[in-house]
Amino acid sequence: MSKQYETVIGLEVHVELATKTKIFCSCSTEFGGAPNTHTCPVCTGMPGSLPVLNRQVVEYAAAVGLATNCSITRKCKFDRKNYFYPDNPQNYQISQLYEPICRNGYVEIDTPSGTKKIGIHEIHMEEDAGKLIHDEWEDCSLVDFNRSGVPLIEIVSEPDMRSADEVIAYLDKLRLIIQYLGASDCKLQEGSMRADVNLSVREVGSEKLGTRTEMKNLNSFKAIARAIEGEKERQIELLEMGRPVIQETRRWDDNKESSHAMRSKEDAQDYRYFPEPDLPPVIISDEWLEEIKARQPELRTEKLIRYKKEFDIPDYDAQIITSSKKMADLFEATTALCGKPKKVSNWLMVETMHLMKEHDMEADDLKFSPENLAKLIDLADAGTINSSVAKEVFEKVFLDDIDPDQYVEEHGLKTVSDEGALRSVIEQVIASNPQSVEDYRNGKEKAIGFLVGQTMKAMKGKANPGLVNQILKELL
Ligand SMILES: [Zn+2]
């Protein structure tokens, strides 16, 4: 009988914080400036320059810690992690090893067998490195220090995950918490959230952990899932052949769907950590912690409960709407304007999601305003426009955030409910479709649908369908 294996996975997640300025200087963190324009002596590692800690970084890190059930270290410290790399001008990175800001937390994920707690070992603050650009034409490498000193938190989980599904549920949970806190936009593709996967396999029933490898360069949930499957199989194959798994860092190549060894995995002692002499310890007072707690926004779990109570919308709707902060914000703002929560939810879940899919967009890319969605809902609700016109106008709102009142007026899209006008159009339709009229009179109820359709066509879609039906039946 072949052996049964279990996969053991822990994650190190780096998240770029949404501060306006860098962690130790006042340079902008804005993405995409010309190379080396957001730099100063501190973030380019000039001798004699001194770091000054950005207060907002501490507040975001503590906020994430509180939301993930961590205990907050009231006197935390920074340490130097020494290593040479061309994108790291100081030859060290300021990070936290001995006294990280948050410890011993957890988040809960949903799995097919129920809720599972994933432990968080610690969260620490650190600075990002610059970026190397390898120019193949000129056969040289260039360095851009704009990202050097951008604040990061690293969230280190316990090795509590057993499958790619659990890893993705955990990442999704973290992403939502952090987005709700406003601490980061957490975009994997743009690198504001990066996950390194530590994976080992062991025989089912074994208490001892196998040798782990670390995989880097995973920039989508799909890549993470594929990399986990690939690495699990690679390690099982080695063990089956009686060969050892080597502790190393591997780089996942999503195009080739395989990984290759990058370097042997370092231990802490390889970095010769020592306390950062240029920064004093960070003391988080009772008052400061209370201030941070008081500012914690409502998170998804709380929103779900409130939506059902306050807006009386189905659980299914609430789940979908709160699956992104952007969507939840849109829902609440639009509902506040028009007072019709279920209608707002329908527009978001049906038409909005449909168009997002069509245009390959994420909720964060939505540009339309709650004002214009509320106006559209009011127009449709009052019968000023019919449902097919409403969909057409919504597409304009979705794409260009147009003002529906103005658009309907300018394009003459108001529903025609003038009986006299409708009656004369319908008389013409009846006169030119004798076959359908006869079918209807001979008991074929469905034939009326064709006549309604012809009338709507003649009215360019702007007739009130209820009224058309009523007049047709009367005339027939
Ligand atoms: Zn700077």
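Rule-based calculations on the coordinates, nothing more; no lab input. Given the structure is predicted, the values throughout are model-derived calculations rather than measurements. For neighbour counting, all protein chains shown are included, and Cβ atoms are generated from backbone atoms with ideal geometry for every residue, glycine included.
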* Asked: Of the residues that make up region 403-414, is at least one among the polar types (S, T, N, Q) and surrounded by 12 or more Cβ atoms within 10 Å (Cβ to Cβ)?
  -> no
* Does Ile292 qualify as being within 23 Å of the chain's Cα centre (by Cα) and farther than 20 Å from Asn198 by Cα? -> no
* Matching residues, region 390-432, being touching a residue at least 24 places away in the same chain (Cβ under 8 Å), part of a loop (DSSP other than H, G, I, E, B) and farther than 30 Å from Asp360 by Cβ -> Gly412, Lys414, Thr415, Ser417
* **Subset of region 95-141 that is of a type in the set (Lys, Arg) and within 30 Å of Pro281 (Cα to Cα) - its residue that is surrounded by the fewest Cβ atoms within 10 Å (Cβ to Cβ)** => Lys131
* Asked: When both residues are 6+ apart or on different chains and their Cβ atoms are under 9 Å apart, which pairs have a first residue that lies in region 130-147 and is over 17 Å from Tyr83 (Cβ atoms), and a second that is among the β-branched types (Val, Ile, Thr) and assigned to a strand (DSSP E or B)?
  -> Ile133/Val143; Ser141/Ile133; Leu142/Ile133; Asp144/Ile133
* Pick from Val57, Val64: which is assigned to a helix (DSSP H, G or I) and within 16 Å of the ligand (Cβ to nearest atom)? -> Val57
* Asked: Of all the residues that make up region 159-179, how many are of a type in the set (Ser, Thr, Tyr) and either surrounded by fewer than 22 Cβ atoms within 10 Å (Cβ to Cβ) or more than 23 Å from Thr322 (Cα to Cα) (or both)?
  -> 1
* Residue selected from region 185-230 under the condition among the hydroxyl-bearing types (Ser, Thr, Tyr) and surrounded by fewer than 17 Cβ atoms within 10 Å (Cβ to Cβ), by the criterion nearest to Lys326 (Cα to Cα) -> Ser220
* To do: Within region 132-151, track down each residue that is more than 13 Å from Val42 (Cβ to Cβ), in a loop (DSSP other than H, G, I, E, B) and within 16 Å of the ligand (Cβ to nearest atom).
  => Asn146, Arg147
* Structure fact -> Of the residues in region 353-406, those that are of a type in the set (Lys, Arg) and within 23 Å of the chain's Cα centre (by Cα) number 2
* Structure fact -> When region 1-44 is checked residue by residue, the ones that are near the ligand (Cβ under 10 Å from one of its atoms) and either small (Gly, Ala, Ser) or not in a loop (DSSP other than H, G, I, E, B) (or both) are Thr21, Ser26, Ser28
* Can you spot a residue in region 316-333 that is among the β-branched types (Val, Ile, Thr), surrounded by 19 or more Cβ atoms within 10 Å (Cβ to Cβ) and within 20 Å of Leu379 (Cβ to Cβ)? -> no
* Could you tell me which residue of region 51-94 is surrounded by the fewest Cβ atoms within 10 Å (Cβ to Cβ), considering only residues that are free of Cβ contacts under 8 Å to residues at least 60 places away in the same chain and under 24 Å from Val167 (Cβ atoms)? => Asn69
